[in-house]
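Read the figures in this text as sums done on the coordinates, not as results from a lab. Everything quoted here is computed from the prediction, not taken from an experiment. Neighbour counts run over all protein chains shown; Cβ positions are idealised from the backbone, glycine included.
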Amino acid sequence: MLAAGLALSAASCGGGKTPAKKPASAPSSSPQALAPGQNSTGLPLTVPNGFSISYFAQNLPGPRVLLFDSAGNLLVSCPSAGKVIALPDKDNNGVADSQVTVVGGLNYPHGLAFMPTDPTKLYVAETDAVALYDYDPTSMQATNRRKIIDLPPDGEHVTRTLIFAPPPNEGQLLISIGSSQNVGVETDPRRASIRIVNADGSGLRTFASGLRNSVFMAVHPTTNQVWATENGRDNLGDNIPPDEINIIQDGHNYGWPIVSKWV
């Protein structure tokens, strides 16, 4: 694997020089031409004008979820290696200085989330559990593991994703749990769902169901709606069924595997 992480950043439009003063006749609203997009990775990627793409970190063991800590260090989960890794960039040159193991020996860790009111509390979702750690942004170490809930282990989909919910469910964790099989009716109601739980592990319930594999979730910054990806069933070709991005609402069922919205 050639690359493990890429950083996208704005490119300079003026080459670091002070731009020449506009002639008096030039309209004040005339657009400034953007520098051509720059790709220094060697990968077949097209970059929009005004942006560049380069390596931030390489040779990571299967990186998945990215999360910044309160000190600006980038954390990444590496499920196949059973660890969470920090990628500090103390000189702010756009390249990670080192790879620091935050915590290891885990069972396919994927989801990461900091408690919104306390950035020293780190939640990590493994295949079979969600645990809370004390996190030190200076040493970039997670210690004092406390399991808050069990999750259904194994199955076809083993990643578990975490985010803190927006109002009116602030302070609660949303946990995405994929189906146990490619297609079929689940016998475990925890599967093919997004669950919600209090930060201490109490009050676990189903938030949304009928979701085959919502691997990633995000909160819309304006509407506060929860958006989630949805991976369609496999083995029917690259484009059938089309994958989805759903706006997730509390108590809703999104149809899988009963409703086939791609027909």
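Computed quantities for the displayed model
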read-out: For Glu244, Glu170, order by how many other beta-carbon atoms lie within 10 Å, fewest first; value: Glu170, Glu244
read-out: Estimated inter-spin distance, Asp97 and Ala33, nm [label 7 Å along Cα→Cβ]; value: 4.0 nm
read-out: Amide H within-cut-off set for Thr161, under 5 Å, with H built and near neighbours excluded; value: Ser176
read-out: Residue-by-residue Karplus 3J(HN,Hα) for the range 182-199, coefficients 6.51, -1.76, 1.60, Hz, glycine and proline x; value: 5, 8, x, 7, 7, 8, 9, x, 6, 6, 6, 8, 10, 9, 10, 8, 5, 4
read-out: Under the Karplus curve 6.51 cos²θ - 1.76 cosθ + 1.60, θ = phi - 60°, whole-Hz ³J(HN,Hα) for the range 122-129, x wherever Gly or Pro sits; value: 10, 9, 10, 9, 8, 4, 10, 6
read-out: Under 13 Å from the Ser70 label point (7 Å along Cα→beta-carbon), backbone N, the range 118-145; value: 118-122, 134-140
read-out: Fewest-first sequence of Trp227, Trp256 by Cβ atoms within 10 Å of each Cβ; value: Trp227, Trp256
read-out: R0 of 41 Å, Cβ-Cβ distance Asn239-Ser139: FRET efficiency to nearest 0.05; value: 0.30
read-out: Residue-by-residue Karplus 3J(HN,Hα) for the range 47-61, coefficients 6.51, -1.76, 1.60, Hz, glycine and proline x; value: 10, x, 4, x, 10, 9, 9, 8, 6, 9, 8, 10, 6, 7, x
read-out: Using a Förster distance of 35 Å, the FRET efficiency for Lys147-Thr41 (Cβ separation, nearest 0.05); value: 0.35
read-out: Burial order of peptide ranges 86-97, 131-142 (average beta-carbon count within 10 Å, highest first); value: 131-142, 86-97
read-out: Charge dipole of the chain about the Cα centre (unit charges at C-beta), most positive-ward option of His252, Ile149, Met217; value: Met217
read-out: Equivalent-ellipsoid semi-axes of the chain, from the Cα gyration tensor, Å, largest first; value: 36, 25, 19
read-out: Residue exposure sequence - Arg212, Arg205 - by fewest surrounding Cβ within 10 Å; value: Arg205, Arg212
read-out: Coordinate range along principal axes, alpha carbons of the range 29-125, Å, largest first; value: 53, 33, 23
read-out: Val215 long-range amide H proximity, modeled H, under 5 Å; value: Thr229, Asn231
